[in-house]
Amino acid sequence: MGYALLMRTSDGEEAVNPFRSLEDLLAAAKPILRTAARSPEPIWFSIQQVDLDALDEDA
């Protein structure tokens with residue numbers, strides 16, 4: 001198990017950023033949030049527990 005930072009733009013584009021731990025996610029969130037803050041479009045964020053092995057199979 002791990003965590004994923006999911007992002008969705010107003011046009012429906014989605015991105016999933018998986019992390020092994022919540023600590024890894026939090027360490028990486030600052031630059032991601034800075035980039036999102038500069039975007040002219042709103043971006044919605046969600047943090048969810050995910051099965052990292054299942055994500056690897058989807059890729």
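Which pairs have Cβ atoms under 6 Å, sit 6 or more apart or on different chains, and link a residue in the range 30-56 that is touching a residue at least 12 places away in the same chain (Cβ under 8 Å) to one that is assigned to a strand (DSSP E or B) and among the charged types (D, E, K, R)?
Trp44/Arg8
Find the residue count for the range 17-58, including only residues that are under 12 Å from Gly2 (Cβ atoms) and at pLDDT 90 or above. Break it down into steps so the answer makes sense when it comes.
So the first thing to find is which residues in the range 17-58 are under 12 Å from Gly2 (Cβ atoms), and the list is 17-25, 47-56.
Restricting the remaining residues to those that are at pLDDT 90 or above gives 17-25, 47-51.
Here the count works out to 14.
I'd like to know if the range 37-53 contains one or more residues that are open to solvent by 100 Å² or more (accessible area, probe 1.4 Å) and acidic (Asp, Glu).
Within the range 37-53, the first condition is being open to solvent by 100 Å² or more (accessible area, probe 1.4 Å), and the residues that meet it are 38, 40, 44, 49, 53.
Next, from what is left, pick out any that are acidic (Asp, Glu): 53.
The answer is yes, given that some residue of the range 37-53 is open to solvent by 100 Å² or more (accessible area, probe 1.4 Å) and acidic (Asp, Glu).
Say whether the condition of being of a type outside the set (A, V, I, L, M, F, W, C) and either part of a helix (DSSP H, G or I) or in contact with a helix residue (DSSP H, G or I) (Cβ under 9 Å, 6 or more places away or on another chain) (or both) is met by at least one residue in the range 4-13.
Initial filter on the range 4-13 (of a type outside the set (A, V, I, L, M, F, W, C)): 8-13.
So of that shortlist, the ones also either part of a helix (DSSP H, G or I) or in contact with a helix residue (DSSP H, G or I) (Cβ under 9 Å, 6 or more places away or on another chain) (or both) come out as none.
Checked against the condition, which is being of a type outside the set (A, V, I, L, M, F, W, C) and either part of a helix (DSSP H, G or I) or in contact with a helix residue (DSSP H, G or I) (Cβ under 9 Å, 6 or more places away or on another chain) (or both), the range 4-13 yields no hits at all.
Within the range 23-41, does at least one residue satisfy the condition of being out of contact with any Gly (no Cβ under 9 Å at 6 or more places or on another chain) and part of a strand (DSSP E or B)?
Looking only at the range 23-41, we keep the residues that are out of contact with any Gly (no Cβ under 9 Å at 6 or more places or on another chain), and these are 23, 26-41.
If we keep only those that are part of a strand (DSSP E or B) too, we end up with none.
No: zero hits.
The values are calculated or read from the model by the stated rules, or taken from the named source; none is laboratory data. Because the structure is a prediction, the values reported are computed rather than measured. Please note: Cβ atoms are built from the backbone with ideal geometry, for glycine as well, and neighbour counts cover all protein chains shown. The protein model used for the area step is the full one, side chains on, heavy atoms only, and it has no ligands, DNA or RNA in it. Shrake-Rupley method; radii C 1.70, N 1.55, O 1.52, S 1.80 Å.
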